[in-house]
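Worksheet: the structure to be examined is printed underneath.
The values are calculated or read from the model by the stated rules, or taken from the named source; none is laboratory data. From a predicted model like this one, the values you see are computed outputs, not experimental measurements. Methodologically, a virtual Cβ is constructed for each residue, glycine included, from the backbone with ideal geometry; neighbour enumeration extends over all protein chains shown. Areas reflect the complete protein model, heavy atoms only, side chains present, ligands, DNA and RNA absent. Shrake-Rupley method; radii C 1.70, N 1.55, O 1.52, S 1.80 Å.
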Amino acid sequence: MSPASGDYSEGAAGCRAARPHDLLWCAQQSVGDEAPAWANPLIARGGPFVVRRAPRVCGRLPVGVRGAQRNQRFATTIATEQVMKTVTPEQCAAFIEQPTAERRRAIPALAALPALAAALDAHGQCGGLTGAVGYELATGEASCHAASDIDVLLRLPQRLTRRDAARIVASLAVLAARCDIQMETPSGGVALADWAGDHDKVLVKSDQGPFLCADPWAESVPHQRASYTAAG
């Protein structure tokens, strides 16, 4: 789970390529009336913000703010020119040795990270960490709790067979903490467990919204996105 080559970290040039789950730090932000009170301090200090899936507007990035409670999530946008620092899920995965021994004893998800890294390496995969675990590793803030899952991101520009997906799911099922693994495909995010199953179509999460797709590595799926939206 070492960082992938080509990751970006500093400045607005990097943020133009910002991808879902990246963590962004910005210049201090003004707080609008629409923000909940708990989010105001985080927004005012400039983050961190989590890049979320939503249509991109020129000059602005869709982001979310995480609060201390699971129900504390606030969606907003930030100007690309104000981004000062980016940390990718792959870079978070380089920090798995950071939690203290006391913290690892209290949080099974943190204790299981070395075993997760070894399992992914055995499958030739370079995984990134998102969610509460990635956030804690990147910020040093105690974001995880005893029942936290490990949210894993696998960037897969090339097709992963369903058999290989099932093998990865099975190897991670024995870890001390539950893993929620998402594949990042050319069409969007797909749950690895869904792809490992026998469904004819899987749910793809894209910037334009969710849709059902038989092949997330296909070059063109706009008709499938439209049909799912209409059905929903």
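Give me the helices (runs of 4 or more DSSP H) completely within the range 107-201, filtered to those with at least 1 residues that are hydroxyl-bearing (Ser, Thr, Tyr), ordered by residue number.
Values: elements: 108-111, 113-122, 131-139, 162-172, 192-196.
Helices (runs of 4 or more DSSP H) meeting the threshold: 131-139, 162-172.
Consider Ala170 carefully, then state whether it is without any contact (Cβ under 8 Å) to a residue 12 or more places away in the chain and of a type outside the set (Val, Ile, Thr). Step through it out loud before you land on a result.
On the way: without any contact (Cβ under 8 Å) to a residue 12 or more places away in the chain: yes; of a type outside the set (Val, Ile, Thr): yes.
Yes: the conditions hold for Ala170.
Within the range 160-181, which residues are among the β-branched types (Val, Ile, Thr) and either open to solvent by 40 Å² or more (accessible area, probe 1.4 Å) or in contact with a Gly (Cβ under 6 Å, 6 or more places away or on another chain) (or both)?
Our first condition is that a residue be among the β-branched types (Val, Ile, Thr); within the range 160-181, this holds for 161, 168-169, 174, 181.
Of everything in the range 160-181, those that are among the β-branched types (Val, Ile, Thr) and either open to solvent by 40 Å² or more (accessible area, probe 1.4 Å) or in contact with a Gly (Cβ under 6 Å, 6 or more places away or on another chain) (or both) turn out to be Thr161, Val169, Val174.
If you take the residues in the range 112-166 that are among the charged types (D, E, K, R) and closer than 12 Å to Leu23 by Cβ, which one is nearest to the chain's Cα centre (by Cα)? Give the derivation first.
Taking the range 112-166 first, the residues among the charged types (D, E, K, R) are 121, 136, 141, 149, 151, 155, 159, 162-164.
Still in the running and closer than 12 Å to Leu23 by Cβ: 136, 141.
Working: Glu136: 13, Glu141: 17 Å.
Taking the candidates together, the pick is Glu136.
Quick grid of which residues meet (1) over 17 Å from the mean Cα position of the chain (by Cα); (2) on the phi < 0 side of the Ramachandran plot; (3) not polar (S, T, N, Q):
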{"position": "Pro36", "(1), (2), (3)": "yes, yes, yes"}
{"position": "Ala44", "(1), (2), (3)": "yes, yes, yes"}
{"position": "Pro48", "(1), (2), (3)": "no, yes, yes"}
{"position": "Gln82", "(1), (2), (3)": "yes, yes, no"}
